[in-house]
1. Quick one: Karplus J couplings for the stretch 76-88, per residue in order, coefficients 6.51, -1.76, 1.60, θ = phi - 60°, nearest Hz, x for Gly and Pro?
2. In whole Hz, what ³J(HN,Hα) sequence does the stretch 38-46 give by Karplus (6.51, -1.76, 1.60; θ = phi - 60°), x for Gly and Pro?
3. From the residues Gln53, Phe34, Asn9, which one has its Cα farthest along the dipole of the stretch 1-134 in the positive direction, the dipole being from +1 and -1 charges on Cβ of Lys/Arg and Asp/Glu about the Cα centre?
4. Given H placed on each backbone N at 1.01 Å, which residues far from Tyr95 in sequence or on other chains put an amide H within less than 5 Å of it?
5. Students often check this: by mean Cβ neighbours within 10 Å, which of 115-128, 15-28, 35-48 ranks highest, and how do the rest follow?
6. Would you please state which residues of the stretch 31-75 a label at Thr129 would reach in this model, taking the label point 7 Å out along Cα→Cβ and a backbone N cut-off of under 20 Å?
7. Could you put Ile60, Ile142 in order, starting from the residue whose Cβ has the fewest other Cβ atoms within 10 Å?
8. How far apart, in nanometres, would the label points at Arg117 and Lys48 be if each is projected 7 angstrom from Cα along the Cα-to-Cβ direction?
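Only the coordinates and a few stated rules stand behind these numbers; no lab work does. Being a predicted model, the structure only gives us computed values, none of them experimental. Don't worry about glycine lacking a Cβ; one is built from the backbone with ideal geometry, like all the others, and counts go over all protein chains shown.
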Amino acid sequence: MKLGITEENVKKSVNMLSIALADEMTLYVKTRKFHWNVSGQSFMELHKLFEAQYTQLEAIIDKIAERISKLGSNTIGTMDEFSKITRLKEAPGKYPAQKDMLKELLADHESIILELRKDVEVDSDVGTTDYFTKLIQDHETIAWTLRRYLN
């Protein structure tokens, strides 16, 4: 495969993309969990907000997996693989109140933004760097929306 990327940089990119994929999957599952379990006065509004966000995360997940494939690698795809490399934390058995759901999702999106900024600085390949830059903007928009609920 001739993509103009060194084998070493392909490995770096695939590693970063796999970790990003694990983070996105973890955040997707968490957002789904909150969608299923939100209750209270703003139930319907938050139920729809979380649905819109996990739908957006589904598209992000698919694009990351496709990027890994475009680089000639296999994409991880089990919860076990994701849980071993994600940078996000889950809280099994915990069902927070609305405001705490929003705070937790905001913190996760901000964490992903910070990690992606570090990844952009790694010298791997222009295509992955460009994709991560766009992904940062997507997460900034979602974080901004969540932050507006908390002000």
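1. 4, x, 10, 4, 4, 5, 4, 5, 6, 10, 5, 9, 9
2. Residue by residue, the stretch 38-46 yields 5, 8, x, 4, 9, 3, 5, 4, 6 Hz.
3. With unit charges placed on the Cβ atoms, the residue in question is Phe34.
4. Close amide H contacts, sequence-distant or interchain: none at all.
5. My ranking of the peptides, most packed first, is 15-28, 115-128, 35-48.
6. Counting backbone N atoms under 20 Å from the label point, the list is 64, 67-68, 70-72.
7. So the ranking, lowest neighbour count to highest, is Ile60, Ile142.
8. 3.3 nm
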